[in-house]
Every structure is written in structure tokens, then in C-alpha cells.
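All remarks here apply to the structure that follows.
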Amino acid sequence: MNKKELEYFRNLLQEELDALLVKAGIVVGELIGTAYTNESDPLDRATEEQARNNQLRIRDRESRLIGKIRKSLQAIDEGTYGICEACEEPIDIARLKARPVTSYCITCKTKQEAFERVIGS
Ligand SMILES: [Zn+2]
């Protein structure tokens, strides 16, 4: 991958990271807000609890994505970005454009998913 391509992915990842961090900040603010709502009846509290759990689940997924983006940005700095972690072959640019945080080439990813399906069943 050339320097221009690396810069393209760095910007792409950085923008996504910034957007996620802003969103995560808003979600945390909402969580703090709902934690201090006064005595509502039990049904309302249950609904609130449900909403809070949903938010936490979203946040968990986002924090995993934030971790992946940071790892990708680090890989750009280290010069290992776009290299498959399993077979160490370059990952297809089109695949990276569709999913910049990927760390496996399509062949290894397909193998891995097939393996996970076997383990999961
Ligand atoms: Zn591979």
C-alpha cells in the first residue's frame, strides 16, 4: 500500500473514531441523566431499566469498534496496516474500503467464520 492510500485510511479511521467518541459521550450523558430521574412507578422504572440496558449494549458494541479503530490506526503507524494477521498477505484494498478495521484477508476471514460456526454449533 502506498503512502497516499495509507493517509486515506488514516483519515477514514480517524473520522469514524471521532464520530464514535462524540456519540459515546452523548450516550454516557443520557445514562447519567436517566439515573437521577425521581420516583416513578415500578412499571416506568422497568421500562427505564430496559432502555438503559439497551444503551449499555450499544455502548459495548461501540467500545469494541473504538478499540478496533485504535488498533488499525496503530497498525498504520507501525506499517502493518492492510496485512492479514493470519497469513500475512496484503488485504484487498476494496475489502479495506468496505471495512477499514478488518485485520484478516477475505480467505482467512471466511475460514475463521466457518470454524466459528462449527465451534458454535
Ligand atoms: Zn489471510
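Legend: calculated FRET efficiency, GLU7 to ASN54, from the Cβ-Cβ distance at R0 = 35 Å, rounded to 0.05, equals 0.40. Considering only Cα atoms, the convex hull volume of the chain works out to 122 Å³ per residue. Helix-only arithmetic for the chain: the sum of -39500 (n - 2.57) across DSSP H runs with n ≥ 4, divided by the residue total, places the mean residue ellipticity at 222 nm at -26500 deg cm²/dmol. FRET efficiency for the pair LYS71 and ASP92, taken as 1/(1 + (r/R0)^6) with r the Cβ-Cβ distance and R0 = 22 Å, rounds to 0.70.
Modelled spin labels at GLU113 and THR80, positioned 7 Å past Cα toward Cβ, are 2.5 nm from each other. Electrostatic tally near GLN14: other residues with Cβ closer than 13 Å to its Cβ, Lys and Arg +1, Asp and Glu -1, net -3.
Going from the residue with the fewest nearby Cβ atoms within 10 Å to the one with the most, ILE76, ILE91 rank ILE76, ILE91. Summary of packing: across the peptides 54-61, 79-86, 3-10, the per-residue average of other C-beta atoms within 10 Å ranks them, highest first, as 79-86, 3-10, 54-61.
We did not get these values from a lab; they are worked out from the coordinates using the rules stated. Note that the structure is predicted; figures quoted are calculated from it, not measured. Reconstructed Cβ throughout: ideal geometry from the backbone, glycine too, with neighbour counts over all protein chains shown.
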